[in-house]
Amino acid sequence: MNLKLPKDSPLLADDFLFGVATSSFQIEGAAESRLKCIWDTFCEQPGKIRDGSNGLVACDHLDRWPEDVALMKDMGVDAYRLSLSWPRIIREDGSPNEAGLDVYRRLLDGLAGAGIRAFVTLYHWDLPQHLEDAGGWLRRDTSKRFTDYADIASRALGDRVHSWATLNEPWCAAHLGYGMGIHAPGLSGTQYGIKAAHHLLLAHGLAMPVLADNCPNALNGIVLNFSPCHPAGPEPEHARAARMADDLYNQWYARPVLCGEYPEVMEHLAADERPDIEAGDMATISHPIDFLGVNYYTRTVYRHGGERGFEPVPPQGPHLTDMGWEVYPQGLEELLVDLDSRYELPPILVTENGIALPDERVDGIVNDPRRGQYIQQHLDAVDAAARAGVDLRGYFHWSLMDNFEWAEGYTKRFGLVHVDFDTQERTLKDSAKAWRAFLQGRR
Ligand code: FCB
């Protein structure tokens, strides 16, 4: 396995960053030293997590971070994208938990010592349970509470952070968590998803000036997930279906952030499905950002049908990942070029991209050629988009290591590093070795 880029690739510029990504709930463990979050509660409900597992120990990262940082240093990454656990940092009365902040101070110092830049996300879905009990993201006040948390975290840790992202994938938090009920907190109802999305976007917009004030030299922005929507056939009704899905799932987040308005599809929503927009909200949400993080895994095909006029066609064919997602690297190039043509974009970072495979460790080796191929194909797609003029500044692979994959528990392995969840032993997969050789041979 060998990863490479042409010598003249824009991705080989000195300031293009290569990194790996994780999130707090998925790796940290050490649940006893923080407040409960919505994912703890969700995991306690029978049938919600495929293997009945939880995040109480996960990768035991908070005890083992020196080893994990050493692995990243060994791989030669420029940057590490992690998230903070809100319930570890903020007490129920809103005051800072210094012990929780200290955990991150040490970790961020460890990263600095290893020469790795910290890209920190404030919210990767682990809402404190007491805030959910008060209404969660369906309640406008949660946006304000998020801003207070962003203020405390960025004052305490700002000098150690290269880049802040307010939110990771508000679509997942809102739509999967409140709209479909397959993520925490497990509510279902389209109107809930849309209302939660508005309060998440508002939280982002309210936090941006706080980050800009506290950390004027950091790159401050947001991470959104995108899946290009393709029609199932040439008929116009499929094209309409794909456009509607794209507006509701992709542009629904990008357009408010970048242009201060929801896509036109909002006019077609029933009155009780629309977000509760107050005067000034859209201006707040569209506060300028220093970067847009783009997460990409796959495309989605839609056909006309279903209650809303569009329904996804289940992926088929030989190129499915362990998640059942189609490997479709050209979708990443298409997406980046399309975003660039629709919007005045800030610099772009690909903040997640990766593949779940049924990896096995045999005699100390994890042979995962399909991951190497996936990375190569997606690097090529980023290279092509950069050559087409998109202002790309980095690529983060999801994930540093196998971890708690939300509703799939520990059954899906996305890591470059294999984790044995019985012993917590870490093993570089072959893809990690190829990634290391690529990163070390770059300059
Ligand atoms: C993204 C999430 C991340 C991980 C990957 C596979 O949607 O941001 O936490 O679960 O998918």
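The values are calculated or read from the model by the stated rules, or taken from the named source; none is laboratory data. Treat the numbers as computed from the prediction; the structure is a model and nothing was measured. In this analysis, Cβ positions are derived from the backbone assuming ideal geometry, glycine residues included, and neighbour counts consider all displayed protein chains.
Please determine, by comparing only the residues of the range 99-127 that are touching a helix residue (DSSP H, G or I) at 6+ places or on another chain (Cβ under 9 Å), closer than 15 Å to ALA150 by Cα and not in a loop (DSSP other than H, G, I, E, B), which one is farthest from the ligand (Cβ to nearest atom).
Ranking the candidates gives LEU101 first.
Tell me which residues, restricted to the range 239-291, are among the basic types (Lys, Arg) and within 15 Å of ALA197 (Cα to Cα).
Of the range 239-291, the ones among the basic types (Lys, Arg) are 240, 243, 255, 274.
Hits for the range 239-291 are ARG255, ARG274.
Which one of the conditions (1) crowded, with 23+ Cβ neighbours inside 10 Å; (2) without any contact (Cβ under 8 Å) to a residue 12 or more places away in the chain; (3) not basic (Lys, Arg) does ASP102 fail to meet, given that it meets all the rest?
(1)
Which of the strands (runs of 3 or more DSSP E) found entirely inside the range 184-303 contain at least 3 residues meeting this: within 16 Å of the ligand (Cβ to nearest atom) and of a type outside the set (A, V, I, L, M)?
Passing ranges, in order: 219-226, 291-296.
Among the residues that make up the range 315-323, is at least one of them among the aliphatic types (A, V, I, L, M), touching a Gly at 6+ places or on another chain (Cβ under 9 Å) and either in contact (Cβ under 8 Å) with a residue 40 or more places away in the chain or under 25 Å from VAL77 (Cα atoms) (or both)?
Looking through the range 315-323, none of the residues is among the aliphatic types (A, V, I, L, M), touching a Gly at 6+ places or on another chain (Cβ under 9 Å) and either in contact (Cβ under 8 Å) with a residue 40 or more places away in the chain or under 25 Å from VAL77 (Cα atoms) (or both).
Filter the range 404-441 down to residues that are within 13 Å of the ligand (Cβ to nearest atom) and among the small types (Gly, Ala, Ser) and give me whichever is farthest from the chain's Cα centre (by Cα).
Only one residue tops the list, namely GLY409.
Any idea which of (1) out of contact with any Leu (no Cβ under 7 Å at 6 or more places or on another chain); (2) under 21 Å from ASN2 (Cα atoms) is the one GLU408 doesn't satisfy?
Result: GLU408 fails condition (2) only.
Among the numbered conditions (1) more than 25 Å from ALA118 (Cα to Cα); (2) within 13 Å of the ligand (Cβ to nearest atom), tell me where MET401 comes up short.
(1)
Which of (1) surrounded by fewer than 22 Cβ atoms within 10 Å (Cβ to Cβ); (2) farther than 26 Å from GLU98 by Cβ does TRP137 not meet, given it meets every other one?
(1)
Checking LEU332 against (1) assigned to a loop (DSSP other than H, G, I, E, B); (2) within 15 Å of the ligand (Cβ to nearest atom), which test does it fail?
Only one criterion is unmet by LEU332, namely (1).
Which numbered condition trips up ASP359, out of (1) over 23 Å from ALA13 (Cβ atoms); (2) acidic (Asp, Glu); (3) touching a Leu at 6+ places or on another chain (Cβ under 8 Å)?
(3)
Restricting the first residue to the range 161-178 and requiring it to be more than 11 Å from the ligand (Cβ to nearest atom) and part of a loop (DSSP other than H, G, I, E, B), which pairs with a second residue that is charged (D, E, K, R) and at pLDDT 95 or above meet a Cβ separation below 7 Å and a spacing of at least six or different chains?
Partner pairs satisfying both residue conditions: HIS162/ARG117.
When the range 347-375 is examined, which residues are found to be crowded, with 19+ Cβ neighbours inside 10 Å and either in a helix (DSSP H, G or I) or away from the ligand (no atom under 16 Å from the Cβ) (or both)?
Once the filter is applied, which keeps residues that are crowded, with 19+ Cβ neighbours inside 10 Å and either in a helix (DSSP H, G or I) or away from the ligand (no atom under 16 Å from the Cβ) (or both), the range 347-375 yields ILE348, VAL366, ARG371, GLY372, TYR374, ILE375.
Does GLU307 satisfy the condition of being charged (D, E, K, R) and either within 16 Å of the ligand (Cβ to nearest atom) or in contact (Cβ under 8 Å) with a residue 12 or more places away in the chain (or both)?
No: the conditions fail for GLU307.
Conditions: (1) surrounded by 19 or more Cβ atoms within 10 Å (Cβ to Cβ); (2) on the phi > 0 side of the Ramachandran plot. ASP246 meets all but one. Number of the miss?
Only one criterion is unmet by ASP246, namely (2).
Would you mind stating whether GLY19 is within 14 Å of ASP402 (Cα to Cα) and away from the ligand (no atom under 14 Å from the Cβ)?
No; evaluated as a whole, the condition is false for this residue.
Identify the residue in the range 429-443 that is assigned to a loop (DSSP other than H, G, I, E, B) and charged (D, E, K, R) and, among all such residues, is modelled with the highest pLDDT.
Only one residue tops the list, namely LYS429.
Matching residues to (1) closer than 22 Å to VAL103 by Cα; (2) touching a strand residue (DSSP E or B) at 6+ places or on another chain (Cβ under 9 Å); (3) in contact (Cβ under 8 Å) with a residue 12 or more places away in the chain; (4) part of a helix (DSSP H, G or I):
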| position | (1), (2), (3), (4) |
| --- | --- |
| ASP40 | yes, no, yes, yes |
| ARG50 | no, no, yes, no |
| SER53 | no, no, yes, no |
| LEU56 | yes, no, yes, no |
| ALA70 | yes, no, yes, yes |
| ASP74 | no, yes, yes, yes |
| LEU82 | yes, yes, yes, no |
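Search the range 32-42 for residues being surrounded by 21 or more Cβ atoms within 10 Å (Cβ to Cβ) and within 21 Å of the chain's Cα centre (by Cα), and hand back the single one that is nearest to ILE182 (Cα to Cα). Steps first, please.
To start, the set of residues in the range 32-42 that are surrounded by 21 or more Cβ atoms within 10 Å (Cβ to Cβ) comprises 34-35, 37-39, 42.
Add one more test, that the residue is within 21 Å of the chain's Cα centre (by Cα), and what stays is 37-39, 42.
Details: CYS37: 16, ILE38: 13, TRP39: 11, PHE42: 10 Å.
If we take residues in the range 32-42 being surrounded by 21 or more Cβ atoms within 10 Å (Cβ to Cβ) and within 21 Å of the chain's Cα centre (by Cα), then PHE42 is nearest to ILE182 (Cα to Cα).
Checking ALA13 against (1) without any contact (Cβ under 8 Å) to a residue 24 or more places away in the chain; (2) within 18 Å of GLY409 (Cα to Cα); (3) aliphatic (A, V, I, L, M), which single condition isn't satisfied?
The single condition ALA13 does not satisfy is (2).
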